[in-house]
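The values are calculated or read from the model by the stated rules, or taken from the named source; none is laboratory data. Not measured: the values here are computed from a predicted model. As a convention, Cβ positions derive from the backbone with ideal geometry for all residues, glycine included, and neighbour counts pool all protein chains shown. In case anyone asks, the SASA skips ligands and DNA or RNA and just uses the protein heavy atoms, side chains included. Shrake-Rupley method; radii C 1.70, N 1.55, O 1.52, S 1.80 Å.
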Amino acid sequence: MNQNSEAEIQMQYIQKCREFLEASDQPHPTFHIQNEGCQMNTIQTESVAAMMEQMGYVKVDTPEADAVVYNTCTVRENANQKIYGHLGHLKSIKKHRPDMKIVLFGCMMQEPHVVEKIRREYPYVSLVFGTHNIHKFPELYCRTLHSDSQIIDIWKDSDEIVEGMPTSRKYPFKTGVSIMFGCNNFCSYCIVPYVRGREKSREPQAIVHEIEKLVEDGVTEVMLLGQNVNSYGKTLAAPVTFAQLLTQVEQIEGLRRIRFMTSHPKDLSDELIGVMAKSRKICHHLHLPLQSGSSRILKEMNRRYDKEKYLALVEKIRCAIPDLSLTTDIMVGFPGETEEDFLETLDVVEKADYDTAFTFIYSRRTGTPAASMENQVPEDVVKERFGRLLSLVQEKGRRASSRFTGTVQEILVEEENREKGTLTGRTQHNLLVHFPGEPELIGKYVNVRLDTCRGFYYFGHIVRENEV
Ligand code: 5AD
Ligand code: SF4
């Protein structure tokens with residue numbers, strides 16, 4: 001079966017669902033959808049929402065709806081707990097709405113113990129599917145509409161990427177575009193390779209074609225997404241590097257800003273740094289997860305770089321792109337982490353000058369190598385270290401982002417604030433800026449002088465050309 005025909009088959013199921021709903025006693029049903037986790041999940045949530053809307057559902061903000069859909073995450077245990085909390089609440093809603101359909105999909109559903117628990121303890125959930133068969137949603141949902149029993153369909157893996165499924169987006173002018181799925185890195189703490197499967201890249205032509213269509217439709221900023229974009233294209237029949245893909249995307253006329261996420265430090269190439277430095281469109285923002293500053297812990301994490309290599313890489317990138325905004329992910333409390341190891345992490349934070357660092361407490365994920373390591377760090381020690389890391393990250397972040405005070409930056413205007421007459425937008429460095437202006441400017445680019453920095457955002461004013 002070729003890929004287009006799969007999308008076409010699913011469109012027919014959307015039509016079938018629509019006809020079924022129109023003929024029912026509830027011709028204008030409502031749905032509520034919620035996303036947990038990363039930006040790649042967000043795209044898949046938006047796609048499922050688009051399919052629901054094509055079936056005739058109207059989106060609402062409350063779970064008091066005819067259908068409730070959750071895209072789940074399992075990177076850390078607290079995301080799982082949140083879903084079980086939601087399910088408890090839905091049980092009480094379903095008591096007075098017995099026809100309500102409850103749908104769970106995404107990463108958490110790829111874990112056998114989770115599915116077993118849902119089967120046993122949450123029989124009122126209508127449909128469960130995973131990460132590999134999201135394109136089958138219309139077909140599965142059609143079955144759910146015709147059935148009162150729980151439907152579970154989890155695929156172990158898949159080498160197929162189905163193109164051409166419906167999509168929707170929050171902003172008309174910017175969006176994420178997945179360029180690859182899965183991960184082959186097997187960092188020892190991480191569940192992603194188990195729930196998202198082996199790395200698969202989309203064909204560059206499919207990506208470029210999608211972005212061209214988006215640009216025709218008003219998009220001027222794209223974020224290229226993958227668990228590790230630096231290894232994009234390695235597994236394609238005709239291999240392409242990520243830098244080569246960026247060069248192709250850069251040529252799309254009408255596209256003004258290109259972002260990407262996430263880069264793994266172990267394979268960030270000189271070719272990529274060169275392309276980024278030369279580009280007129282690639283934003284000077286790099287998300288480069290550190291995880292730990294201790295070379296010993298990095299080895300245990302299977303990250304395949306050490307503290308010195310990471311810092312040398314940061315220096316090399318800053319040399320090529322001096323105004324770079326650098327962000328990162330850092331984890332505290334990996335098994336066996338000592339005070340000395342933790343001090344190495346603080347040392348990298350001191351030296352790397354991050355604009356923002358996302359900080360996490362290590363979460364033990366069943367099935368990963370780290371889960372069975374001895375020396376799990378006691379909770380009180382982890383919490384204390386986490387507090388120290390957070391204060392340093394915040395202090396450094398405030399200093400790093402205030403370096404643009406007084407400069408004029410091009411801002412993509414995103415929305416009007418609650419306070420009327422004030423707009424919010426972002427610089428290419430991804431910094432938030434508030435400034436007076438009219439809502440007609442939403443989706444446009446304006447030059448704004450950044451007058452005052454308030455921690456992680458700025459207040460500014462629009463400048464006319466002759467003031468720049
Ligand atoms: N515990 C805590 N944080 C984790 N991350 C991934 N796995 C875990 C885990 N088991 C963090 C990493 C990654 C980010 C997306 O989530 O820092 O970069
Ligand atoms: Fe997880 Fe490591 Fe893959 Fe990122 S690169 S998704 S942390 S295994």
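Which of the cysteines in the chain are isolated, no other cysteine C-beta under 4.7 Å?
Flagged as lacking a Cys partner: Cys17, Cys38, Cys73, Cys107, Cys142, Cys183, Cys283, Cys319, Cys453.
Taking a ≥ b ≥ c as the square roots of the Cα gyration tensor eigenvalues, with a/c under 1.5 meaning rounded and otherwise prolate when a/b beats b/c, else oblate, which class fits segment 134-224?
oblate
How would you rank 393-406, 278-291, highest first, on the average number of other Cβ atoms within 10 Å across their residues?
278-291, 393-406
Tally Lys/Arg at +1 and Asp/Glu at -1 over every other residue whose Cβ is under 11 Å from the Cβ of Ser294; what's the total?
Residues close to Ser294 contribute a combined charge of -4.
Under the classification rounded if a/c is under 1.5, otherwise prolate if a/b is larger than b/c and oblate if not, where does segment 6-144 fall, given a ≥ b ≥ c as square roots of the Cα gyration tensor eigenvalues?
In terms of gyration-tensor shape, oblate.
When DSSP beta bridges are limited to those with both residues in segment 132-280, what percentage is antiparallel, rounded to the nearest 5?
15 percent
What is the calculated FRET efficiency for Phe459 to Ser279, with r their C-beta to C-beta distance and R₀ = 30 Å, to the nearest 0.05?
The formula returns an efficiency of 0.55 here.
Please give the FRET efficiency for Asp270 paired with Lys299, using the beta carbon to beta carbon distance and R0 = 30 Å, rounded to the nearest 0.05.
The value I calculate is 0.80.
Name the residues whose placed amide hydrogens come within less than 5 Å of the amide hydrogen of Leu224, ignoring near sequence neighbours (fewer than 5 apart) on the same chain.
Val177, Arg259, Phe260, Met261
How about Lys95: which lysines have a C-alpha closer than 30 Å to its C-alpha, ignoring those fewer than 8 places off in the same chain?
In chain and number order, the partners are Lys16, Lys59, Lys82, Lys117, Lys136.
Kindly work out what percent of the DSSP beta bridges joining two residues of the chain are antiparallel, to the nearest 5.
Counting DSSP beta bridges with both partners in the chain, the antiparallel share is about 35 percent.
Taking the highest mean first, how do the peptides 208-221, 328-341 order by number of other beta carbon atoms within 10 angstrom per residue?
Ranked from most to least packed, the peptides come out as 328-341, 208-221.
Describe numerically, in nm with one decimal, the distance between label points set 7 Å from Cα along Cα→Cβ at Thr407 and at Arg364.
4.6 nm
Using just the alpha carbons, could you tell me how many Å³ per residue the convex hull of the chain encloses?
With only Cα atoms used, the chain gives 161 Å³ per residue.
Net charge near Pro322, counting Lys/Arg +1 and Asp/Glu -1 over other residues with Cβ under 13 Å of its Cβ?
Combined, the nearby Lys, Arg, Asp and Glu give 0.
With each run of n ≥ 4 DSSP H residues scored as -39500 (n - 2.57), what mean residue ellipticity at 222 nm is computed for the chain after dividing by its residue count and rounding to the nearest 500 deg cm²/dmol?
That comes out to -11500 deg cm²/dmol.
So what is the accessible area of the chain per residue, in Å², with the probe set to 1.4 Å?
Accessible area per residue: 45 Å².
Determine the sum of side-chain charges near Thr262: Lys and Arg each +1, Asp and Glu each -1, restricted to other residues whose C-beta is under 14 angstrom from that of Thr262.
Net local charge, Thr262 excluded: +1.
Antiparallel versus total DSSP beta bridges in segment 382-468: what percent is that, nearest 5?
The antiparallel fraction comes to roughly 85 percent.
What are the lysines whose alpha-carbon lies under 30 Å from the alpha-carbon of Lys299, with same-chain residues fewer than 8 places away excluded?
Here the lysines satisfying the reach criterion relative to Lys299 are Lys156, Lys200, Lys234, Lys266, Lys307, Lys309, Lys316, Lys351, Lys383, Lys396.
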